[in-house]
Amino acid sequence: MDKEAEEQNSLNLESCNVILDTAKTIYNEEYDRFKQIETKTGVTIGFVGVLFGFFLNYLISAKLNSNDVGYLIYAFGLRFIIIVLLTVSALKFISAIKVGEFDQINIDNVVDTNLAKEPPESLTLSVAATYQDVIQKK
């Protein structure tokens, strides 16, 4: 029990605050990324739903009134082109909203009781160096 009390007394409060702030920042960055993905997914679902609705409306409303072979080939060709274009546009739209790679700092390098004992200046420098490592990896 005395060893635990000694360890807690040796922790630097300002260094602990730096660690806490860094952890909060990383959490907020991840939360923002999650919200962006959620928003993009909602937009995609809406867009594909509208496209699907237009296509179904077209199929229901377009009646083939003639038995002429040329007209039938034209009508089916037009429907085929519309299906292809809708599919391509939906695929392009979905691929446009993909989330890229995201490197983040390793929180294990920051949340450490040994670091919490250091002066806040050196801890802040250590956290900045960790961010620098992530930036240089890109």
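The values are calculated or read from the model by the stated rules, or taken from the named source; none is laboratory data. In this text the structure is predicted, and so the values were computed from the model without any measurement. All Cβ positions, even for glycine, are placed from backbone atoms using ideal geometry, and neighbour counts span all protein chains on display. Please note that ligands, DNA and RNA were not included when accessible areas were found on the heavy atoms of the full protein model with its side chains. Shrake-Rupley method; radii C 1.70, N 1.55, O 1.52, S 1.80 Å.
Legend: residues Arg79, Arg33, sorted from most to least accessible area (1.4 Å probe; ligands, DNA and RNA excluded), read Arg33, Arg79. Stretched out fully, how many nm does the piece from Leu56 to Lys117 gain, at 0.36 nm a residue minus the Cα gap? Going from the current span to full extension adds 15.4 nm. Take the Cα of Leu78, step 7 Å toward its Cβ, do the same at Leu13, and the gap between the two points is 7.8 nm.
With the whole protein complex present, Glu14 retains an accessible surface near 110 Å², based on a 1.4 Å probe.
The stretch between Lys35 and Asp21, if pulled fully straight at 0.36 nm per residue, gains 3.0 nm over its current Cα-Cα span. Of Lys40, Lys137, the residue with the largest accessible area leads and the full order is Lys137, Lys40 (1.4 Å probe).
Counting lysine pairs in the range 29-99 that sit 8 or more residues apart in sequence, or on different chains, and whose Cα atoms lie under 28 Å apart gives 4. Ordering 86-93, 17-24 by mean Cβ neighbour count within 10 Å, with the highest value first, yields 17-24, 86-93.
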